[in-house]
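To keep things clear, I will list the structure first and then write my remarks on it.
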Amino acid sequence: MSGGYVDTFPVIGDVDGDGQPEIVVPARVGSGAGAVIFSASGAVERTLVASGDVFYGTAPALADLDGDGVPEIVLQTNEAVNVWRGDGTPLPGWPVLVGPGTWLESAGPVVGDLDGDQRPDIAVLVLQSSGNAGDVLVLRSDGTRLAGFPNRLSGLGAGAVPAIADVDLDGRNELVVAGNYWNGMSGYFDKVWVYDLGGAVPHGLVEWGQFMGGPGHQGVSSRRIRPASTAAPTAPRRTSPARACRSRRRRTGIPRSPDGRGPAPARPTPARSS
């Protein structure tokens, strides 16, 4: 690892399915971009080399793209969208090149089902290195492009990390894109676009819906960390009939004889004097 970025956004999740959380930190790897995976104790587990470069920083996403219950690592650079499994191998179909002549600026990936097929899609902004136009790009989990994308927006400018949510509560997830357009004059002129791509209701999960994951921007995967192994159930202990009988008497409050082998003899009732 050569060093970090001006803007560094670490994220946390069990990316290799070992039952322990890992910390994924975007970093310069050699002369290019990438990420480093740390264990919870701070040890370097592996280093990821990305396609493309990053100028100032990038915010990764964690999402289960192949349905195995373990989140993959999604990292956008100026020229590409990269996806790795936690063992460091690229997911088939990735990286996807989006350049040349593009840059990351303020963007980052978000992940959720946008077309109702119950599979996660990755949405990114592809910003032009000159001018104020840019593209909205939606990619399926296998790296292919969703129909109708990229979609060119005039006035996208430096953009921002998009968001995925069901904003009109109709059971379908929408994609929300914010612009950051500067026309050379003092001040910024922002715009917001909302995409509703339809599809069967209800849509699937939103895995990573905003910058750093969700409304709280915690940077933690929504996938629950599962124990790596579960102890085998122990066989029930055999109990002798006598012990079982004594146990029942203890639970029911039946008095026992001094030797514990039977009920205690009945106590005589004192006679009442007339």
Condition check for R172: at pLDDT 95 or above, out of contact with any Asp or Glu (no Cβ under 9 Å at 6 or more places or on another chain), open to solvent by 50 Å² or more (accessible area, probe 1.4 Å) and of a type outside the set (G, A, S): no
Any chance segment 182-199 includes a residue that's in contact with a Phe, Trp or Tyr (Cβ under 7 Å, 6 or more places away or on another chain), surrounded by 18 or more Cβ atoms within 10 Å (Cβ to Cβ) and aromatic (F, W, Y)? no
Of the residues that make up segment 34-52, is at least one at pLDDT below 95, of a type in the set (D, E, K, R) and farther than 14 Å from G143 by Cα? no
Quick check: anything in segment 145-160 within 23 Å of S221 (Cβ to Cβ) and buried (at least 19 other Cβ atoms within 10 Å of the Cβ)? yes
Which of the residues that make up segment 157-181 are farther than 18 Å from A61 by Cα, of a type in the set (G, A, S) and touching a strand residue (DSSP E or B) at 6+ places or on another chain (Cβ under 6 Å)? G157, A158, A178, G179
Pull out all pairs, ordered by first then second residue, where Cβ-Cβ is under 9 Å, the residues are six or more apart or on different chains, the first lies in segment 150-166 and is polar (S, T, N, Q), and the second is open to solvent by less than 50 Å² (accessible area, probe 1.4 Å) and in a strand (DSSP E or B). N151/D135; N151/V136; N151/L137; N151/V138; N151/Y195; S154/A133; S154/G134
Residue set D117, D113; condition crowded, with 20+ Cβ neighbours inside 10 Å, of a type outside the set (K, R) and over 10 Å from Q76 (Cβ atoms); output residue D113
When you scan segment 37-86, how many residues do you find that are open to solvent by less than 60 Å² (accessible area, probe 1.4 Å), among the hydroxyl-bearing types (S, T, Y) and closer than 20 Å to V98 by Cα? 3
Check I37 against each of (1) out of contact with any Phe, Trp or Tyr (no Cβ under 6 Å at 6 or more places or on another chain); (2) within 23 Å of I164 (Cα to Cα); (3) among the aliphatic types (A, V, I, L, M); (4) outside any loop (DSSP other than H, G, I, E, B) and name the one condition it does not meet. (2)
Boolean, V29 is surrounded by 15 or more Cβ atoms within 10 Å (Cβ to Cβ) and under 29 Å from V177 (Cβ atoms): no
Options W103, W182, W84; residue that is at pLDDT 90 or above and over 20 Å from L205 (Cβ atoms): W84
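The values are calculated or read from the model by the stated rules, or taken from the named source; none is laboratory data. Bear in mind the structure is a predicted one, so any value in this text is a computation, not a measurement. We place every Cβ from the backbone using ideal geometry, glycine too, and count neighbours over all the protein chains shown. To get the accessible areas, we keep the full protein, side chains included, count just its heavy atoms, and leave off ligands, DNA and RNA. Shrake-Rupley method; radii C 1.70, N 1.55, O 1.52, S 1.80 Å.
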